[in-house]
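The structure under discussion appears below in the form of structure tokens.
The values are calculated or read from the model by the stated rules, or taken from the named source; none is laboratory data. Treat the numbers as computed from the prediction; the structure is a model and nothing was measured. Cβ placement follows ideal geometry from the backbone for every residue including glycine, while neighbour counts extend to all protein chains displayed. Heavy atoms of the whole protein, side chains included, go into the accessibility calculation; ligands, DNA and RNA do not. Shrake-Rupley method; radii C 1.70, N 1.55, O 1.52, S 1.80 Å.
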Amino acid sequence: MKTIVTDSAEEAARFIREGGTVAFPTETVYGLGADVFDEFAISKIFAAKQRPADNPLIAHVGDVSQISQLADSIPERAKAFIDRFFPGPLTLVVPKSVDVPPIATAGLDTIGVRMPAGEITRAFLKASGTPVVAPSANVSGRPSPTDWESVLEDLEGKIDCILKGEPSRVGLESTVVDCTDEIPVVLRPGAVSIEQLREIVPETLPFAESDGTPARSPGMRHKHYSPKARVILIDPADVRSASAGRNDLAFIGLGQPPENASVTMIVDSTEEYARELFGFFRLCDRKGIGTILCETVPEEGIGTALMDRLRRAAE
Ligand code: TXA
Ligand code: MG
């Protein structure tokens, strides 16, 4: 299969309308999309990514009015989140419409719905004329792609089209909030923080404090976000001692890198750290780095999501 790379939202959308697979930019990470109502097109996403069939996909809309095609009902608390955070880096899990094929949601009776921001993204979704289901556009288990070149690296020849856009502004996948129960539960932390969610619905809980079983968020069972290199999390105060005597070393963080690190990235803020992390993992893999030292950050705001991804990469 030849993969067409284009900067035309209209050309990319044509592939969706004709039952193809298209990688497209969003503010979080790049997604790999297909028409939510086309089972065969969706099966091509799972094949290209080598994604386990028990991991449900997120449906992306270009307009709030499309949500009614996906959801059986929209709970009041979900409506409140939509009013405040759409378009943005937030996915809401709501009861699924019977019209959505089971392959899209891994057989669940719920569906994750998100309206991404960004001009080219919105133009692409509108021109597609249908909600677009999309996981992150990486081969399963690799770091999510935050620029179109990373999509090409993983999926060239396996998908129909890549819509070229800017590198992703956030750099970590969306916050996923289960809105099917009385009390919303954050299944995956992201750029919309629990502090912000609680300004709208004060009862909102992090997954660890809910009575939820891991089955509630199937994707979180799978290994994620890992570079080939070993990832070690390190308190800023301990960087020097941890690095002594190591070769093939890389460093990312807010402070000073150890002298023997051959690939380094110093960031100015937690936001920049989040934006750069997955691209840095890929760079380290290309350079054959053996160990990546990642500085830890305080768990507040996007720091919660960043620490979640760092811990998964270090597992
Ligand atoms: O930022 C993002 O969310 C990106 C962009 C492309 O939108 N997408 C993304 O998709 O990260 P993916 O497939 O890599 O991760 C989707 C996550 C998984 O953890 C999955 O289990 C969860 O969302 N999810 C999707 N639908 C769900 C549902 N109905 N119930 C519970 N969890 C769900
Ligand atoms: Mg993913």
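Details
- Principal semi-axes in Å for the chain [√(5λ), Cα gyration tensor, largest first]: 32, 24, 16
- What separates the Cα centres of region 241-307 and region 131-198 is a distance of 21 Å.
- The chain, relative contact order [Cα under 8 Å, separation at least 6], %: 20
- Peptide packing for 92-100, 53-61, 192-200 was compared via the average number of neighbouring C-beta atoms within 10 Å per residue; ordered from the highest value, the list is 53-61, 92-100, 192-200.
- Gaussian network model of the chain, Cα within-10 Å springs - most flexible of Pro101, Pro258, Pro298: Pro298
- Per-residue SASA remark: Met115, around 10 Å² accessible (1.4 Å probe; ligands, DNA and RNA not included).
- Using the Cβ-Cβ distance between Gln256 and Asp181 with R0 = 45 Å, the FRET efficiency computed as 1/(1 + (r/R0)^6) comes to roughly 0.45.
- Residue separation of Ala237 and Glu272 scaled by 0.36 nm, minus their Cα-Cα distance, works out to 10.6 nm of gained length.
- Gaussian network model of the chain, springs between alpha carbon atoms under 10 Å - residue of Arg240, Arg169, Arg188 with greatest fluctuation: Arg240
- Check: the chain dipole with +1 on Lys, Arg Cβ and -1 on Asp, Glu Cβ, in debye: 880
- Solvent-accessible area per residue, Å², over the chain with all protein chains present [probe radius 1.4 Å]: 41
- Using just its DSSP H runs of length 4 or more, each adding -39500 (n - 2.57), the chain gives a mean residue ellipticity at 222 nm of -8500 deg cm²/dmol after division by all residues.
- Accessible surface of the chain, 1.4 Å probe, proportion on carbon and sulfur as whole %: 49
- Near-label residues of region 171-212 by backbone N, under 19 Å of a point 7 Å along Cα→Cβ of Glu76: 178-185, 197-205
- Ranked order, Phe46, Phe207, Phe251 - accessible area, probe 1.4 Å, largest first: Phe207, Phe46, Phe251
- Around the amide H of Val113, modelled in the peptide plane, lie the amide H atoms of Ala59, Leu92, Val93, Val94, all under 5 Å away and 5 or more residues distant in sequence or on another chain.
- In a reduced charge model with +1 at each Lys and Arg Cβ and -1 at each Asp and Glu Cβ, region 230-314 shows a dipole moment near 460 debye about its Cα centre.
- Residue-level accessible surface for Asp38, protein heavy atoms, 1.4 Å, Å²: 50
- With the charge dipole of region 141-211 set up from +1 on Lys and Arg Cβ and -1 on Asp and Glu Cβ about the Cα centre, the Cα lying farthest toward the positive end among the listed residues Val186, Cys161, Ser210 is that of Cys161.
- Inter-label distance for Phe40 and Val139, nm, one decimal - labels placed 7 Å from Cα along Cα-to-Cβ: 2.7
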